[in-house]
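What follows is a single structure, written as structure tokens, with notes after it.
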Amino acid sequence: MSEKIIGETTNSVGITIPAIEIMRNRSKATERIFKGKIVPLISEIGKKYGFEIVFGIGENSHSGFDEDIHLNRCLEQYWGFFFTKREWKGFRIHFEFQFPYLHELYYGVRSKGINISPNLDEYLRSLPSNPGPKNKHWSFYQYMDKYRNWDDNFFLDLYSDNDSITKLFEDKINYILNIVKGKESEL
């Protein structure tokens, strides 16, 4: 497929010039996709559950999706988002890419740098569904079974079948919420 696209875009000046322009403006195109499709999808999920949403990781974190963030800077590092509620002391449901450029998405409860209850941390770490070896930064995590890498398939589905992506994220959120059911006082 890529050879065909490369062949078609280099055979005609009428197609080559727009292709070069797209390459020059890759970060703007990526930002437009994030602002136009991904952020609204995540925001809608957050609204449905009454969550606050923070985009980015570490010093690149912002409530909402800040127009001034240069997305490529986030993409070249770890990037993700998390859901939280004001009444939760340190509990957050994280979705984060392990590698740059939207590769190896996992979800769970991050513990490093967050005031998570020691009892809740210990409980989450002891769950049999928590993969080993235990990650020192996460109390509980699992890799996404679908859309682990945000590649062509993810973006095609984002534009054609938004509902399946929304459902997948909601399923993961509900999975985490069910794991901590009965431990709400420690959230």
- request: Give, as residue ranges, the strands (runs of 3 or more DSSP E) completely inside region 80-187 that count at least 1 residues that are closer than 25 Å to ILE33 by Cα and of a type in the set (Val, Ile, Thr).
  value: 80-84, 93-99
message: Looking at the structure I just gave you, is GLU122 over 22 Å from GLY46 (Cα atoms) and surrounded by fewer than 15 Cβ atoms within 10 Å (Cβ to Cβ)?
response: yes
message: The conditions are (1) under 16 Å from the mean Cα position of the chain (by Cα); (2) closer than 18 Å to LYS48 by Cβ, and LEU177 fails exactly one of them. Which is it?
response: (1)
message: Given the criterion at pLDDT 70 or above, of a type in the set (D, E, K, R) and over 29 Å from GLN142 (Cα atoms), identify the matching residue among GLU21, GLU52.
response: GLU21
- request: Could you tell me whether region 61-71 includes any residue that is of a type in the set (A, V, I, L, M), in contact with a Ser or Thr (Cβ under 6 Å, 6 or more places away or on another chain) and modelled with pLDDT under 90?
  value: yes
- prompt: Within region 86-119, restricting attention to residues that are crowded, with 20+ Cβ neighbours inside 10 Å and over 26 Å from LEU41 (Cβ atoms), which residue is modelled with the lowest pLDDT?
  reply: SER111
task: Go through (1) closer than 24 Å to LYS48 by Cα; (2) in contact with a strand residue (DSSP E or B) (Cβ under 7 Å, 6 or more places away or on another chain) and name the single condition LEU124 misses.
output: (1)
message: As an exercise: evaluate LEU177 against (1) touching a strand residue (DSSP E or B) at 6+ places or on another chain (Cβ under 6 Å); (2) farther than 16 Å from ILE42 by Cα; (3) at pLDDT 95 or above and give the number of the one condition it does not meet.
response: (1)
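The values are calculated or read from the model by the stated rules, or taken from the named source; none is laboratory data. Just so we're clear, the structure is a prediction, and the values are computed from it rather than from any experiment. Note: ideal-geometry Cβ built from the backbone for every residue, glycine included; neighbour counts use all protein chains shown.
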